[in-house]
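The values are calculated or read from the model by the stated rules, or taken from the named source; none is laboratory data. Nothing here was measured: the structure is a model prediction, and the numbers come from that model. No Cβ is skipped: glycine too gets one built from the backbone with ideal geometry, and neighbour counts run over all protein chains shown. Each accessible area value is taken on the protein alone, full model and side chains, heavy atoms only, with ligands, DNA and RNA left out. Shrake-Rupley method; radii C 1.70, N 1.55, O 1.52, S 1.80 Å.
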Amino acid sequence: MKIGFFDSGKGGTSILDVVKKLLPNEEYMYIGDSENCPYGEKSDEELIKIVQANVDRLKDWGATIIVIACNTATTRCIDKLRKIYPDLKFVGTEPAVKLAIMSGVKKVLVMATPGTIKSERLLALVRDNEKQDQEVDLMACPGLADAIEKDEDIDGVLDELLKDVKEYDAVVLGCTHYSLIKNKIQRYFPNAKLIDGNEGVAKRVKIIINEK
Ligand code: DGL
């Protein structure tokens with residue numbers, strides 16, 4: 001089966017690696033759209049145009065399953081994409097809020113791009129899952145995905161964002177770029193569990209392949 005992936009650059013490779021490991025015999029194609037990075041700081045109109053161009057290319061190359069290996073594009077565009085391309089199967093990547101909450105921890109921080117943090121989809125995920133004795137804080141991280149993409153001053157951006165951060169039991173990495181610098185982020189949260197949704201995406205792809 002031909003499976004297409006896209007992201008605003010290299011972030012989505014953190015998902016591609018996990019999917020390939022679970023499903024080694026499929027055919028993969030990947031668009032790292034670094035030219036348009038960061039997606040998290042684009043307007044809705046700009047973002048859907050960019051995302052559609054990627055989907056069109058993957059479709060032309062024969063992909064029938066599209067993995068949106070980007071939380072920003074998923075939270076803001078997946079509903080529209082499912083309507084525009086009813087013949088394609090989309091698998092999205094959403095901040096793993098549910099996973100963090102279900103693990104029973106008390107204090108959760110969600111780090112994501114400004115676009116994801118203000119998306120209705122993320123707010124609904126928190127609203128629908130947060131338990132009474134739990135606290136879920138959201139943190140927009142402007143500049144972080146871009147710094148990771150360009151490999152420029154990642155430590156400086158992290159320090160600016162996290163130097164005064166509180167203690168948390170779990171930190172949700174709500175942008176696929178952040179999974180690439182897990183070790184650096186862990187230094188600011190020595191006691192927290194860092195969680196991403198990559199395994200969940202891979203399992204979802206497997207289910208769709210089995211259905212097909
Ligand atoms: N890697 C992406 C995400 O998961 C997008 C980062 C960006 O381009 O702002 O949100």
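Just to be sure I understand the filter: pairs with C-beta atoms under 6 Å, separated by 6 or more residues or on different chains, first member in region 68-93 and at negative phi and of a type in the set (A, V, I, L, M), second member open to solvent by 20 Å² or more (accessible area, probe 1.4 Å) and within 15 Å of the ligand (Cβ to nearest atom). Which pairs pass?
Here the result reads Ile68/Gly92; Ile78/Gly92, each pair linking region 68-93 to a residue that is open to solvent by 20 Å² or more (accessible area, probe 1.4 Å) and within 15 Å of the ligand (Cβ to nearest atom).
If I go through region 61-95 residue by residue, how many of them are within 14 Å of the ligand (Cβ to nearest atom) and open to solvent by less than 10 Å² (accessible area, probe 1.4 Å)?
13
Taking the conditions exactly as written (away from the ligand (no atom under 14 Å from the Cβ), under 14 Å from Met111 (Cα atoms) and touching a residue at least 60 places away in the same chain (Cβ under 8 Å)), does Glu199 satisfy them or not?
Criteria not met by Glu199.
What's the number of the condition Glu45 fails, among (1) away from the ligand (no atom under 15 Å from the Cβ); (2) assigned to a helix (DSSP H, G or I); (3) within 18 Å of Cys141 (Cα to Cα)?
With respect to (1) away from the ligand (no atom under 15 Å from the Cβ); (2) assigned to a helix (DSSP H, G or I); (3) within 18 Å of Cys141 (Cα to Cα), Glu45 is out only on (3).
Show the residue pairs that are 6+ apart or on different chains and have beta-carbon atoms under 7 Å apart, the first residue being within region 107-121 and open to solvent by 30 Å² or more (accessible area, probe 1.4 Å), the second being of a type in the set (Val, Ile, Thr).
Arg121/Thr75
Failed condition for Met29, given (1) part of a helix (DSSP H, G or I); (2) without any contact (Cβ under 8 Å) to a residue 60 or more places away in the chain; (3) of a type in the set (A, V, I, L, M); (4) surrounded by fewer than 23 Cβ atoms within 10 Å (Cβ to Cβ), with all others met?
(1)
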